[in-house]
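The values are calculated or read from the model by the stated rules, or taken from the named source; none is laboratory data. Everything quoted here is computed from the prediction, not taken from an experiment. Cβ coordinates were reconstructed from backbone atoms using ideal geometry, including for glycine residues, and neighbour counts include every protein chain displayed.
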Amino acid sequence: MTYFKKIFRFALPYKRFAYLNIFFNILFAFFGTLAFISLIPMLKVLFGQEEKVFVKPVYEGLMQIKPFAENYMNYFITTTNAQYGVEITLLILVSLVIGLFLLKNMCSYFAMYFITFLRNGVLRDIRNSMYKKVVDLPVAYFSEKRKGDVMARMSSDVLEIQHSFLSILELIVREPLTILFTVFAMFVMSVKLTLFVFIFIPISGIIISQIGKSLKKKSDLAQKEQGYFLSIIDETLTGLKVIKGFNAENYFNDKFRSSTGRFFRISNKILHKQNLSGPTTEFLGILVIAVLLWYGGNLVLVEQSFDGAVFIPYMGLAYNILTPAKQISKASYSVKKGNAAAERVLEILEEVNPIASSSGSIEKCDFEKAIVFDKVNFKYEEDWVLKDFSLEIPKGKTVALVGQSGSGKSTLANLLLRFYDVNNGRIAIDGIDLRDMHLKCLRGLMGLVTQDSILFNDTVKANVALGLTDVSDEAVIDALKVANAYEFVKNLPKGIYTNIGDSGNKLSGGQKQRLSIARAVLKNPPIMVLDEATSALDTESEQLVQQALENMMQNRTSVVIAHRLSTIQNADLIVVLSKGKIVEKGTHESLLAEKGIYEKLVNMQRLES
């Protein structure tokens, strides 16, 4: 229950529904027991065993409640028989039984009605918290996690917790109360017979508990396997063209079938154990009933110390214990499964976010002087990607970073946007360390255009206005014009309200990239980070995008990571990187004059083109 205790905080806003559920469950248990007891006077009338009482009994306290109830019921039957006849008396008693069973079922409905708000509220709030946490966690977290596993935790694991919440309330309120009221009534009827029955109940409990010991472990394995095959689905849909192009369908089919096969085997074991709990509980219960029939029958027929009209409802009450006992058994299994799911959910919710705004973070949301990289060292795992890197980028200047793949160019962009934190040294804006700045302000200063155009399954306007509210159509159109994108957008079926499909797959590569640029233009940040924004485009698209980039970079501080060197010839400063260090820097002309690494890179690209 360790993990469930942590999950219970999500139930606190809905505690009034829990109280109402408990209240109606108490009434359910009370009326359920009373309904069986109400059969006694009816059976006495049927069998002609009612005792004649002509004087109305007087209540003498709780200790005398049993004789008072018996005498009052006998008094009622005696007077009603005398006044209306046995048929009317029987009709009244049958109506009483029906009424009590009706009240019991109405209470059951209201208990379930109120618990629905708690269950669905907890489901919603956990998912909302998980989504917020997923969005807040650093990029590095998801380089180690499968997306499918995260999706499984947010969907099936949270759903399992929701079902388990109902099981817990059954486990601690409804069914135990039903058993408690029933046992109390049984003790009132016959202490001797009830004690005899309860010799066998602990034996039943031990047998049932042995069945479910490994259920949590199996449930955990099943959830992990589900996360794995969801990851395969995600990778398949993302890379479907590559899979088809390389005739790799069979490889991925086998991979998926292998995962679902493991899930099949684990799920079977879990369900077999769950399914075994019900029949086992029922069989053990019937065994107790059989012993009860034998022993109770002796008390009625041989010893004649127990009334037959009371013994029949007593048997009903004894059988009434079986259903809640069976439900408790099922609920205990559900709780074990839910506990495994809660562990996986809490693993994300309790993950420490190393990249977050501190309590004393500086809300500096403007840029005035310069960006400074001061002796920055950084590594993703073991190998250093940047070593003692120092650079100053004055406001209004365009600085281009060039070099071979793996030289650390994109890493600098990731560090500047604080997707990662430096290991040593610091990066500062206007003298303030990025780690001391409020994240929202920091990222509000920057616009980002990457090599991969990240677009969403929404309209053109929603994609361009991403993160901004109350943006007018005119502002979106102006941004599209600066990005050389309005020419194709105005010809779309619904203009800026056209849905562009999943990942913008209804558009060409150049069109997608120009929408990404329009998004950065609309944000209008003082610092622009361009991470190989034209490297994946054909020549015609590149020219349009390059012109859009030049329009966007006017009067802005720009950090340009360039693969195609022809796009950065007009930069104020070109920095050449090799293995995480600056090996050359200067203007395009001065670097060509040095006849060093930069010149070799330019010549190689000329040969390639």
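Odds and ends about this structure:
- Sole residue being in contact with a helix residue (DSSP H, G or I) (Cβ under 9 Å, 6 or more places away or on another chain) and of a type in the set (G, A, S), chosen from S405, S357: S357
- Exactly one residue out of E382, E392 is over 27 Å from L591 (Cα atoms) and not basic (K, R): that is E382.
- Qualifying residue in the stretch 397-409 (condition: surrounded by 15 or more Cβ atoms within 10 Å (Cβ to Cβ) and in contact with a Pro (Cβ under 9 Å, 6 or more places away or on another chain)): no
- The single residue among A428, A413 that is touching a strand residue (DSSP E or B) at 6+ places or on another chain (Cβ under 9 Å) and over 26 Å from L466 (Cα atoms) turns out to be A428.
- Within the stretch 119-161, the only residue that satisfies the criterion of being crowded, with 16+ Cβ neighbours inside 10 Å and without any contact (Cβ under 8 Å) to a residue 12 or more places away in the chain is K145.
- The one condition in (1) surrounded by fewer than 16 Cβ atoms within 10 Å (Cβ to Cβ); (2) out of contact with any Phe, Trp or Tyr (no Cβ under 6 Å at 6 or more places or on another chain); (3) not basic (K, R) that Y59 fails to fulfil: (2)
- Scanning the stretch 564-609 for residues that are within 17 Å of D531 (Cα to Cα) and without any contact (Cβ under 8 Å) to a residue 40 or more places away in the chain, we see that the one that is farthest from the chain's Cα centre (by Cα) is Q569.
- Given (1) closer than 30 Å to Y314 by Cβ; (2) within 19 Å of the chain's Cα centre (by Cα), number of the condition F142 does not satisfy: (1)
- Filter result for the condition that a residue is closer than 30 Å to R344 by Cβ and at pLDDT below 75, over L284, L271, L215, L230: L215
- In the stretch 434-465, the qualifying residues are those that are in contact with an Asp or Glu (Cβ under 9 Å, 6 or more places away or on another chain) and farther than 30 Å from V476 by Cβ, and the one that is surrounded by the most Cβ atoms within 10 Å (Cβ to Cβ) is L434.
- Candidates A331, A318, A325, A340 - the one that is at pLDDT below 80, crowded, with 19+ Cβ neighbours inside 10 Å and over 30 Å from D157 (Cβ atoms): A318
- Among (1) more than 18 Å from V559 (Cα to Cα); (2) part of a loop (DSSP other than H, G, I, E, B); (3) among the hydrophobic types (A, V, I, L, M, F, W, C) - the single one V385 does not satisfy: (2)
- Only a single item in (1) modelled with pLDDT of 75 or more; (2) in contact with a Ser or Thr (Cβ under 6 Å, 6 or more places away or on another chain); (3) among the β-branched types (V, I, T) is not met by I22, and it is number (2).
- Any hit, the stretch 362-378, residues being free of Cβ contacts under 8 Å to residues at least 40 places away in the same chain and either within 39 Å of the chain's Cα centre (by Cα) or surrounded by fewer than 21 Cβ atoms within 10 Å (Cβ to Cβ) (or both): no
- Some residue of the stretch 383-406 being within 30 Å of the chain's Cα centre (by Cα), modelled with pLDDT of 90 or more and among the basic types (K, R): no
- In the stretch 483-514, the residues that are surrounded by fewer than 19 Cβ atoms within 10 Å (Cβ to Cβ) and outside any loop (DSSP other than H, G, I, E, B): E487, F488, G495, Y497, N499, D502, S503, G509
- Count of the stretch 113-158 residues which are closer than 18 Å to K337 by Cα and acidic (D, E): 2
- Residues being of a type in the set (A, V, I, L, M, F, W, C) and closer than 24 Å to A341 by Cα are represented in the stretch 172-192 by at least one member.
- Selection of the stretch 332-355 for residues being under 16 Å from E225 (Cα atoms) and β-branched (V, I, T) yields only V345.
- Candidate set from the stretch 343-361 (those that are under 14 Å from the mean Cα position of the chain (by Cα) and of a type outside the set (D, E)); member that is surrounded by the most Cβ atoms within 10 Å (Cβ to Cβ): V345
- Qualifying positions in the stretch 233-262 - of a type outside the set (S, T, Y), more than 18 Å from D149 (Cα to Cα), in a helix (DSSP H, G or I) and at pLDDT 75 or above: I243, E249, N250, N253, D254
- Residue within the stretch 550-566 that is in a helix (DSSP H, G or I), charged (D, E, K, R) and within 12 Å of V402 (Cβ to Cβ) present: no
- In the set (1) of a type outside the set (S, T, N, Q); (2) surrounded by fewer than 17 Cβ atoms within 10 Å (Cβ to Cβ); (3) at pLDDT below 85; (4) more than 53 Å from the chain's Cα centre (by Cα), I88 fails one condition alone, (3).
- Against the list (1) closer than 17 Å to P324 by Cα; (2) surrounded by fewer than 16 Cβ atoms within 10 Å (Cβ to Cβ), the condition K104 fails is (2).
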